[in-house]
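The structure appears right after this line, and notes come after that.
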Amino acid sequence: AAKAEQGSSVRVFEPALLYARRLQGLMISELREAIRTDQLILHFQPVVELASGRIEGAEALVRWNHPERGLLMPDAFIPLAEETGIIIDLGYWVLRRAMQQLRAWQDGPGVDEDFSMRVNISTTELQSLDLIEHVREVLAETGVEASKLVIELTESMAVNGSDIDRYSLTGLRRLGIRLEIDDFGTGYSSISYLRSLPVNVVKIDRSLIQGLGKDDKERNFVAAVLQLIHACGMQAVAEGIETAEQAAELARLGCASGQGYYFGRPMAADKFAELLRGT
Ligand code: C2E
Ligand code: MG
Ligand code: MG
Ligand code: MG
């Protein structure tokens, strides 16, 4: 009976699986093509100094302008890019584009001296032996100072502790780049690792910010997280700020920087330039 069941379940399952495989295969070649033909675009979200409201930087977020399916968000293709290794080329593209854009803004509408660009990288990229060389190359090519680049990585990547991860992190730090832990507070690891990481900035996840303005408990919790970050000698950024209340509360609690729909959604480069010019 077990055998018959197994057989029938295979018959039902297989066509769907094959279809999914074919679709994935198609998407893989489309994604490779997309990188070659510049179907990818970067949107930029402002990072704001909370005490003054000044725009101190931007985070580059990738989108795929798909010829048939329209604008795809990263969740729709980054996981596939990671599984297939395409993320290496994609990440290289993102880094180069982001640095070229920063250079253009530095030369054009005029950004503040300390304006920085944040770029997300994934585990596969961190574990690539070419990463440091790629970064060095792009900085040299665009003439952007290393201190103007912030690389965002997730908690699990930073804590993994493998030799290659440590090699990459310290190598990047040696170039003069700042490292940031993204989505802090969503990981499952113990917090003791924070003390020993070669990281400069910690970005507090949106899920911790959402509750701000509701009650004292939420505020005290965020206050404690900020104290922890500061005690480690690191700088704090809050993500997912959607209301004036949240922005004000975070400023009161001593959080240096923030990012979220309240200040601006991720937007095309020309819109961001308008924002910089204050128009
Ligand atoms: P992330 O790095 O944590 O980026 C923040 C995400 O939250 C962005 O989504 C942004 O649009 C969204 N967001 C910003 N402010 C708010 C807010 O106030 N409220 C709400 N509800 N959401 C907000 P997005 O652009 O869809 O990116 C999703 C994730 O994809 C990113 O999360 C990042 O992990 C990844 N990603 C994006 N670009 C790249 C890239 O170039 N390389 C890699 N490896 N990953 C990327
Ligand atoms: Mg990020
Ligand atoms: Mg984040
Ligand atoms: Mg997040």
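The values are calculated or read from the model by the stated rules, or taken from the named source; none is laboratory data. Keep in mind that what you see is a predicted model, and the values were worked out from it rather than measured. Positions of Cβ are generated from backbone atoms using ideal geometry, with glycine treated the same way; all protein chains shown enter the neighbour counts.
Determine whether the stretch 227-246 contains at least one residue that is hydroxyl-bearing (Ser, Thr, Tyr), within 26 Å of Arg173 (Cα to Cα) and modelled with pLDDT of 95 or more.
no
Residues of the stretch 193-223 being of a type in the set (Gly, Ala, Ser) and either within 19 Å of Met157 (Cβ to Cβ) or modelled with pLDDT under 95 (or both), which ones?
Scanning the stretch 193-223 gives Ser196, Ser207, Gly211, Gly213.
Tell me whether the stretch 197-211 contains one or more residues that are in a helix (DSSP H, G or I) and more than 22 Å from the chain's Cα centre (by Cα).
No, the stretch 197-211 contains no residue that is in a helix (DSSP H, G or I) and more than 22 Å from the chain's Cα centre (by Cα).
In the stretch 37-56, is there at least one residue being within 16 Å of ligand 3 (Cβ to nearest atom), of a type in the set (S, T, N, Q) and either on the phi < 0 side of the Ramachandran plot or surrounded by fewer than 16 Cβ atoms within 10 Å (Cβ to Cβ) (or both)?
Yes: the stretch 37-56 contains one or more residues that are within 16 Å of ligand 3 (Cβ to nearest atom), of a type in the set (S, T, N, Q) and either on the phi < 0 side of the Ramachandran plot or surrounded by fewer than 16 Cβ atoms within 10 Å (Cβ to Cβ) (or both).
Here are some conditions: (1) surrounded by fewer than 20 Cβ atoms within 10 Å (Cβ to Cβ); (2) assigned to a helix (DSSP H, G or I); (3) modelled with pLDDT of 95 or more. Leu71 meets all but one. Which one does it not meet?
Leu71 satisfies all of (1) surrounded by fewer than 20 Cβ atoms within 10 Å (Cβ to Cβ); (2) assigned to a helix (DSSP H, G or I); (3) modelled with pLDDT of 95 or more except (2).
Please find, within the stretch 74-122, the residue that is nearest to ligand 1 (Cβ to nearest atom) out of those that are in a helix (DSSP H, G or I) and among the charged types (D, E, K, R).
Asp75
Checking Val201 against (1) within 15 Å of Glu180 (Cα to Cα); (2) out of contact with any helix residue (DSSP H, G or I) (no Cβ under 7 Å at 6 or more places or on another chain); (3) more than 15 Å from ligand 4 (Cβ to nearest atom), only one condition comes out false. Which one?
(3)
Return the only residue of Leu275, Leu250 being surrounded by fewer than 19 Cβ atoms within 10 Å (Cβ to Cβ), part of a helix (DSSP H, G or I) and more than 16 Å from ligand 2 (Cβ to nearest atom).
Every option except Leu275 fails the conditions.
Which one is nearest to Ser162 (Cα to Cα) among residues in the stretch 204-228 that are within 16 Å of ligand 4 (Cβ to nearest atom) and hydrophobic (A, V, I, L, M, F, W, C)?
Looking at the filtered set, the residue picked out is Ile204.
Of everything in the stretch 104-147, what is over 16 Å from Val94 (Cβ atoms) and either polar (S, T, N, Q) or in contact with a strand residue (DSSP E or B) (Cβ under 9 Å, 6 or more places away or on another chain) (or both)? Give them in sequence order.
Matches in the stretch 104-147: Trp105, Gln106, Val111, Asp112, Asp114, Phe115, Gln127, Ala146, Ser147.
Within the stretch 174-196, take every residue that is away from ligand 3 (no atom under 16 Å from the Cβ) and in a loop (DSSP other than H, G, I, E, B) and give me the one that is farthest from the chain's Cα centre (by Cα).
Applying the filter and picking the extreme gives Ser190.
Pick from the stretch 134-173 the residues that are of a type in the set (Asp, Glu) and away from ligand 3 (no atom under 15 Å from the Cβ): which of them is surrounded by the most Cβ atoms within 10 Å (Cβ to Cβ)?
Asp165
Tally time: how many residues in the stretch 58-68 are within 19 Å of the chain's Cα centre (by Cα) and either modelled with pLDDT under 95 or over 22 Å from Ile78 (Cβ atoms) (or both)?
Going through the stretch 58-68 one residue at a time, the tally reaches 0.
Output the residues belonging to the stretch 120-154 that are hydrophobic (A, V, I, L, M, F, W, C), within 16 Å of ligand 2 (Cβ to nearest atom) and either in contact (Cβ under 8 Å) with a residue 60 or more places away in the chain or over 30 Å from Ile191 (Cα atoms) (or both).
Result: Val150, single match.
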